[in-house]
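Just so it is clear, none of the values below were taken in a lab; they were calculated from the coordinates. This structure is a prediction, so every number in the text was calculated from the model and none was measured. Every residue, glycine as well, gets a Cβ built from its backbone with ideal geometry; the counts of neighbours run over all protein chains shown.
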Ligand code: VGL
Ligand code: ZN
């Protein structure tokens with residue numbers, strides 16, 4: 001699973017994650033080694049609750065159909081099998097790929113039992129997606145060199161990693177997973 005590697009979370013984007021572009025190279029390597037690759041998109045309506053103008057914490061970002069919401073051009077699209085759009089309801093939090101989507105059903109229909117997760121941002125959508133996946137009983141590996149965090153508060157990334165670990169998420173590296 002490639003979480004939210006979209007222009008707005010990368011360099012020059014509306015909500016650029018520090019060093020966010022660094023996840024692209026390991027994610028392309030990992031995607032090449034997996035049969036089924038999902039890419040999630042943060043996919044907001046223009047009036048999403050999380051935007052500052054509606055009282056939320058974030059600048060306007062990842063508005064459906066805009067350049068900022070597109071996957072980063074350096075992600076190898078030929079390796080991505082399916083898209084999962086989340087955060088598309090104005091009043092739903094939507095950090096998790098499972099929140100308000102049919103993602104769980106799609107995984108079950110494919111017989112998926114475990115997920116390898118990387119992308120953006122460690123302390124929001126990666127965290128929420130990994131924790132929900134565990135709640136739904138999936139095995140989850142989060143690839144620590146293929147994630148970057150926003151760190152709105154110092155320590156958010158470390159706390160997120162600890163929470164994921166406590167929930168049974170396995171923290172791994174690309175090198176551990178990639179056989180070349
Ligand atoms: C995200 C903040 C706001 C994320 C999405 O993809 O982690 N973070 N919307
Ligand atoms: Zn968002």
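What the table below lists for this structure:
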{"item": "Cα long-axis angle, helix 156-166 against the chain (0 to 90 degrees, to the nearest 10)", "result": "40"}
{"item": "Protection proxy ranking, peptides 158-165, 41-48, 142-149, 172-179, average beta carbon neighbours within 10 Å, highest first", "result": "142-149, 41-48, 158-165, 172-179"}
{"item": "Whole-Å distance, taken between Cα centres, linking the stretch 37-73 and the stretch 87-131", "result": "15"}
{"item": "Radius of gyration, Dmax [the stretch 19-110; alpha carbons; angstrom]", "result": "14.4, 42"}
{"item": "Inter-label distance, nm, simple model (7 Å from Cα along the C-beta direction), residue 28/residue 67", "result": "2.1"}
{"item": "Interatomic Cα distance distribution for the stretch 33-180, bins of 5 angstrom, percent", "result": "2, 9, 17, 22, 22, 16, 9, 2, 0, 0"}
{"item": "Cα convex hull volume per residue for the stretch 85-128 (Å³)", "result": "73"}
{"item": "The stretch 103-178, Rg to Rh (Cα coordinates; Rh as Kirkwood inverse mean 1/r)", "result": "0.98"}
{"item": "Extension gain, residue 82 back to residue 53 (0.36 nm per residue minus Cα-Cα distance, nm)", "result": "7.3 nm"}
{"item": "Bridge type composition, the stretch 2-177 - antiparallel percent by DSSP, nearest 5", "result": "5"}
